[in-house]
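The values are calculated or read from the model by the stated rules, or taken from the named source; none is laboratory data. Note that the structure is a prediction, hence the values are computed from the model and not measured. Here the Cβ positions follow ideal geometry from the backbone for every residue, glycine too, while neighbour counts run over all protein chains shown.
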Amino acid sequence: MISITLPDGSVRAFDGAVSGADIAAAIGPGLAAAALAMRADGVLMDLKAVIDSDARVEIVTGDSEDALELIRHDAAHVMAEAVKELYPETQVTIGPAIENGFYYDFARPTPFTPEDLEAIEARMREIVERDEPIERELWDRDEAVTLFEKMGERYKAEIIAGIPSGEAIALYRQGDFVDLCRGPHLPSTGKLGKAFKLTKLAGAYWRGDSNNEMLQRIYGTAWADKKQLADYLHRLEEAERRDHRRLGREMELFHFQDEASGMVFWHPKGWTLYRLLVDYVRRKLDKAGYVEVNTPQLVDRTLWEASGHWEKFGEHMFTIEADDRTLALKPMNCPCHVQIFRQGIKSYRDLPLRMAEFGSCHRDEPSGALHGLMRVRAFTQDDAHIFCTHEQITAEAAAFCELALGMYRDFGFTDVAIKFADRPPGRAGSDAVWDRAEAALEAAAEAAGIGYTLNPGDGAFYGPKLDFVLRDAIGREWQCGTFQVDFVLPERLDASYVGEDGERHRPVMLHRAILGSIERFAGILIEHYAGRFPLWLAPVQAVVATITRDGDAFAAEAAESLRAAGLRVELDTSNEKIGYKVRLHSVRKVPLLLAVGKREAADRTVSIRRLGGADQEVLALDEAVARLVAEASPPAA
């Protein structure tokens, strides 16, 4: 007799070994029809897998958290089957489920085309209609190698040959298609449904190695139902419409070019946005009691070795040789801040010392990972390090969280999640040190009333951290801020202070950032607002544009009055029709257009049109200046 305990605590008894399908059928026909897989004692398994001892079992349906992973995994296999049916000369390689979808890499001499994607997607729907059973088979490794070699699938054969001899190989068969896979899978192709779409083509090196041959990667997305698919495709369209790289060109903010790969050429309007961000942060930090410093760009490798960064990040550092020494462009600021702390004798009365820097950093990111402002090789952080006693951690954590969340609200982010990242596999410091650091951060988070979710193993190599994740206007998540507790670096770099007892003690070092990379945060803001910044953040807040030549002189006067009041204003007296000027400055996302013609000049008024609106408001110049100055006021420090 086998006892199966269900999620609600009820127990079902079976005479002998039982499959997940049997369990679902015993519960009821509705569940049997909806069942996709099962979890047995926490392990996700095929529905046809057999349980031969007492176990806790959950039947996975389309509403389960596991469903999307299964659907996307099977979508990759169904796509590979479709490709093999349509283009038999193609070899299949690797095809996993990924966030929001799946992909499969193929070896084929002829490039796939967008028309091919349409044909593949249509064939996938046919395979779903066939409702082919998906069967798991166990093979001897060498026999599996021989099978795939006979099929002409040398990539699969190579993967299997790398598995230790004697280990059973799991293959999955659906129709005439056979694939190497650990599983689990849906019971049949019909369970996949039709809420999928192939989205794009890309290149990919075999096994991710640029020394290997280039393969063709087909990406797709798959969801539990058509509404979820439609919502996701809409989000993709919105993301494309908001792409900061396109808006950066249209708004004349920045550009990139190969001569400085991964580094930003800021144009005047873009640099204005950059300065607005820095000035805003600086005002906040000044009020919060931070002191601002600036540290060198090039630092001898011996400091990076002492801090541990050379071992962990050395491959991503840009280096030069000078005076028989190896110097590295700093990838982060923390070791340099310790050097400032170590100058002179520090007392417990000097703590907490909050040391901030808009630190310019460089990291040798892979070229394939570069992505506009979101992933660059040269960037500036709103970085700071707080040197404090152990007893001061809680108060500093609470103050930081209040500061960070307030700043995010000012930028229009009200949905912020906090994640607690604990010790990673590769780390510096003993377990005892990590125990202290994690306990201190947990206590600080609790005392500050901060709700968080656990992100296991994702801490910095020197300490645990709280990561602040912002949700933007279309629901995407961006990790920006961080607060990290570090007992390791002060020890490694010999930082100390004199305590109340007259003895030397190690300070705790709190690493913290709010925006993170200024470049990346600017990109996030551009996409969050689709370029339509709130007035205080807009690089150009208003354009005074003439309707006729009769308005030129008064338009220039109006623009100068607005500038004198502190607004960022451009004057457009070009010989173009006002309709063209409205369209031009709308594309550039200028919030306000003040039109001036003969009548306005005579009455000393301006006609105000707001971005995206059709209505106009006519105000006397002095009233318009006063109103817009108040409206454009930045958030208070």
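Looking at the range 112-121, is at least one residue in a helix (DSSP H, G or I), at pLDDT below 95 and over 21 Å from ALA82 (Cβ atoms)? Within the range 112-121, not a single residue is in a helix (DSSP H, G or I), at pLDDT below 95 and over 21 Å from ALA82 (Cβ atoms). Mind checking which residues of the range 539-557 are touching a residue at least 60 places away in the same chain (Cβ under 8 Å) and closer than 19 Å to SER633 by Cα? PRO539, VAL540, GLN541, ALA542 - these are the residues of the range 539-557 that are touching a residue at least 60 places away in the same chain (Cβ under 8 Å) and closer than 19 Å to SER633 by Cα. Within the range 464-491, restricting attention to residues that are β-branched (Val, Ile, Thr) and part of a strand (DSSP E or B), the residue that is farthest from ILE386 (Cα to Cα) is VAL469. When residues in the range 482-526 are screened for being out of contact with any His (no Cβ under 9 Å at 6 or more places or on another chain) and β-branched (Val, Ile, Thr), 3 of them pass.
For (1) surrounded by 14 or more Cβ atoms within 10 Å (Cβ to Cβ); (2) at pLDDT 95 or above; (3) more than 30 Å from GLY42 (Cα to Cα), each residue gets a yes or a no:
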residue: ILE160; (1), (2), (3): yes, no, no
residue: ILE169; (1), (2), (3): yes, no, no
residue: PHE177; (1), (2), (3): yes, yes, no
residue: ARG182; (1), (2), (3): no, no, no
residue: SER210; (1), (2), (3): no, no, yes
residue: ARG241; (1), (2), (3): no, no, yes
residue: LEU253; (1), (2), (3): yes, yes, yes
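Restricting GLY566, GLY531, GLY551, GLY516 to residues that are in the same structural domain as ALA378 (by TED's automatic domain parsing) and either crowded, with 24+ Cβ neighbours inside 10 Å or among the small types (Gly, Ala, Ser) (or both) narrows the list to GLY516.
Only a single item in (1) within 18 Å of ILE94 (Cα to Cα); (2) of a type outside the set (Asp, Glu); (3) buried (at least 16 other Cβ atoms within 10 Å of the Cβ); (4) free of Cβ contacts under 8 Å to residues at least 24 places away in the same chain is not met by ALA204, and it is number (4). For first residues located in the range 405-422 and within 24 Å of ALA443 (Cβ to Cβ), partners that are of a type in the set (Gly, Ala, Ser) and surrounded by fewer than 17 Cβ atoms within 10 Å (Cβ to Cβ) and lie 6+ apart or on another chain with Cβ distances below 7 Å form the pairs ILE418/GLY451; ASP422/GLY457.
For (1) in contact (Cβ under 8 Å) with a residue 24 or more places away in the chain; (2) of a type in the set (A, V, I, L, M, F, W, C); (3) under 30 Å from GLU143 (Cα atoms), each residue gets a yes or a no:
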{"position": "LEU180", "(1), (2), (3)": "yes, yes, yes"}
{"position": "LYS191", "(1), (2), (3)": "yes, no, no"}
{"position": "ILE218", "(1), (2), (3)": "yes, yes, yes"}
{"position": "TRP223", "(1), (2), (3)": "yes, yes, no"}
{"position": "GLU238", "(1), (2), (3)": "yes, no, no"}
{"position": "GLY248", "(1), (2), (3)": "yes, no, no"}
{"position": "GLU259", "(1), (2), (3)": "no, no, no"}
{"position": "TRP266", "(1), (2), (3)": "no, yes, no"}
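If you go through the range 122-147 and keep only what is over 30 Å from SER19 (Cα atoms) and at pLDDT 95 or above, you end up with ALA122, ARG123. Here ALA626 meets each of (1) in contact with a strand residue (DSSP E or B) (Cβ under 8 Å, 6 or more places away or on another chain); (2) within 27 Å of PHE411 (Cα to Cα) with one exception, condition (1). Based on what the data block shows, is ALA306 over 20 Å from SER360 (Cα atoms), assigned by TED's automatic domain parsing to the domain that holds ALA428 and loosely packed, with under 14 Cβ neighbours inside 10 Å? No.
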